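Values quoted throughout were computed directly from the atomic coordinates according to the rules given, and no laboratory measurement underlies them. Since the structure is predicted, the reported quantities are computational estimates derived from the model, not experimental observations. No Cβ is skipped: glycine too gets one built from the backbone with ideal geometry, and neighbour counts run over all protein chains shown.
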Amino acid sequence: MTTISLRHARVRYGPLEALHGVTLAAPGPGLTVLLGRNGSGRTTALRALAGTVPLSGGAVVWDGADVTRVPAYERARRGLCLVPERQAVFGSLTVRENLELAAPAYDLALDAYPQLRPLLARRAGTLSGGEQRMLALSRALLARARVVLVDEPAQGMSPTVAARTYEVLGALDACVVVAEQRLPPVLHDRAALVYELRRGAVVFSGEAAELRPPPEADRTRRRTGQSPSKPSNPSERPNPSEPSSPSEPSSPSE
């Protein structure tokens, strides 16, 4: 079993602080999801774990050892694999050459993504976005890493291939951490640890099942702006003799 974590981590880009003392832990084997909109800090958290951005405060801990000052290449040697959102493959090399750089025998990758087999002679830079993601993830599978960090693994993929991707990631004997804008539907009923980030801070941590989408009726009310139905229990209704408090001003949208 392995665990990688951030402890009170802070990251700055010039005068701007992207992570404000974030603490999270990703145990493995298992899947951990970092959720958040663009600018929430999810990608920065992933890079901080990988060591590709330095911390201005806090620590990165891997299996109980502080690796904050361990460079990214040394973390890779110890079994950490990062799949960034962009430039995750060697565009000038063929698909076959990309796979061979990861491992001489790459049948495992083609079993996971048979769509790559007819593309072996193609240059990786000519592939579609979804095909490049398949290739990048295939390289990560062949690395047999202890920690796998992936930024938006299913970007550009069809729903079927995206579901297959999460099946593959969930079956790895590794600590897998992915960054997504929204929780993939395939994970709503699967065991996964979720951290939601907003403006550089963790606002939710728990199981994926706790983020189950609301019932259709609730979604319809939210889309139409209707308020929930009034409570049927008289004791739950407001007392008309009590003065009503003024409404609180709504918070500005993000």
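With the convex hull built on the Cα atoms of the range 2-216, state its orientation-averaged projected area in nm².
12.0
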Sorting check: for 181-190, 72-81, which peptide has the highest mean count of neighbouring beta carbons within 10 Å, and how do the rest follow? 72-81, 181-190
What Kirkwood radius, in Å to one decimal, follows from the Cα pairs of the range 60-100? 12.4
Based solely on C-alpha atoms, express the radius of gyration and the Dmax of the range 88-138 in angstrom. 9.3, 25
Sites ALA65 and ALA121 - FRET efficiency at Förster radius 41 Å, r taken between beta-carbons, to 0.05: 0.40
If amide H atoms are built 1.01 Å from N in the plane of the peptide, which residues on other chains or at least 5 residues away come under 5 Å of the amide H of GLY57? ARG10
Report the paramagnetic label zone for ARG37: residues of the range 133-173 whose backbone N is under 19 Å from a point 7 Å from Cα along the Cα-to-Cβ axis. 152
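Tally Lys and Arg at +1 and Asp and Glu at -1 over the other residues with C-beta under 11 Å from the C-beta of GLY28: what net charge comes out?
On the way: positive: ARG146; negative: ASP63, ASP173.
It works out to a net charge of -1.
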For peptides 163-169, 174-180, 10-16, sequence by mean Cβ density within 10 Å, most packed first: 174-180, 163-169, 10-16
